[in-house]
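Right, one structure below, let's go through it.
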Amino acid sequence: MATISNISIDQDANFSTTVTINDSDGEVLTLTGYTAIAQLRKTHLSSSATSFTVAFASDRTTGQLTLTLTSTQTGALSSGRYVYDIVITASGGTKTRPIEGTATVNPSVSRS
């Protein structure tokens with residue numbers, strides 16, 4: 001079962017957040033050999049998605065992933081509520097969704 005982690009994203013600004021992945025016992029999961037994807041959608045059924053850039057910590061034993069979006073990506077998002085999740089894949093092919101939640105995109109006022 002995925003951990004719920006809600007995030008806020010400022011429109012027209014760079015976004016970055018670091019999450020820690022835990023195993024079913026609550027221990028930090030060593031992410032050696034894993035791949036990961038993370039996407040943001042307006043609803044679970046939306047056909048279009050915005051993909052986060054996912055980076056693993058250099059020490060994969062920390063269980064940490066950093067999700068980022070560029071200011072161009074956040075600028076293309078309408079303000080409001082979205083859903084997102086992270087899917088990790090073990091070297092053997094087993095897929096797990098450790099984190100999911102809502103993402104609130106806050107509207108931008110200043111523009112260049």
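The values are calculated or read from the model by the stated rules, or taken from the named source; none is laboratory data. Computed from a predicted structure; not experimentally measured. Because the Cβ atoms are built from the backbone with ideal geometry, glycine has one as well, and the counts that use them run over all protein chains shown. Keep in mind that these areas ignore ligands, DNA and RNA; they rest on the heavy atoms of the full protein, side chains included. Shrake-Rupley method; radii C 1.70, N 1.55, O 1.52, S 1.80 Å.
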Practice prompt. Could you work out the relative contact order of the stretch 25-112, using alpha carbon pairs under 8 angstrom and six or more residues apart, expressed as a whole percent?
Written response: 29
Practice prompt. Just add up the charged neighbours of Arg97: K/R +1, D/E -1, any other residue whose Cβ is under 15 Å from the Cβ of Arg97.
Written response: -1
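Just to be sure I understand: if I project the alpha-carbon convex hull of the chain onto a plane and average over all orientations, what area do I get in nm²? Let's see the in-between values first.
Numbers: hull surface 29.8 nm².
It is 7.4 nm².
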Worksheet item: Applying the Karplus parametrisation 6.51 cos²θ - 1.76 cosθ + 1.60 with θ = phi - 60° to the phi angles of the stretch 39-52, what ³J(HN,Hα) value in whole Hz is obtained for each residue in order, glycine and proline being reported as x?
Response: 9, 10, 9, 5, 9, 4, 8, 4, 7, 9, 9, 10, 8, 6
Worksheet entry | Over the chain: helical MRE at 222 nm, DSSP H runs n ≥ 4 each giving -39500 (n - 2.57), nearest 500 | -1000 deg cm²/dmol
Item to complete: Only bridges with both residues in the chain count here: give the DSSP antiparallel percent, nearest 5.
Response: 85
Fill in: With DNA, RNA and ligands ignored, accessible area of Arg60 (1.4 Å probe; Å², nearest 10)
80
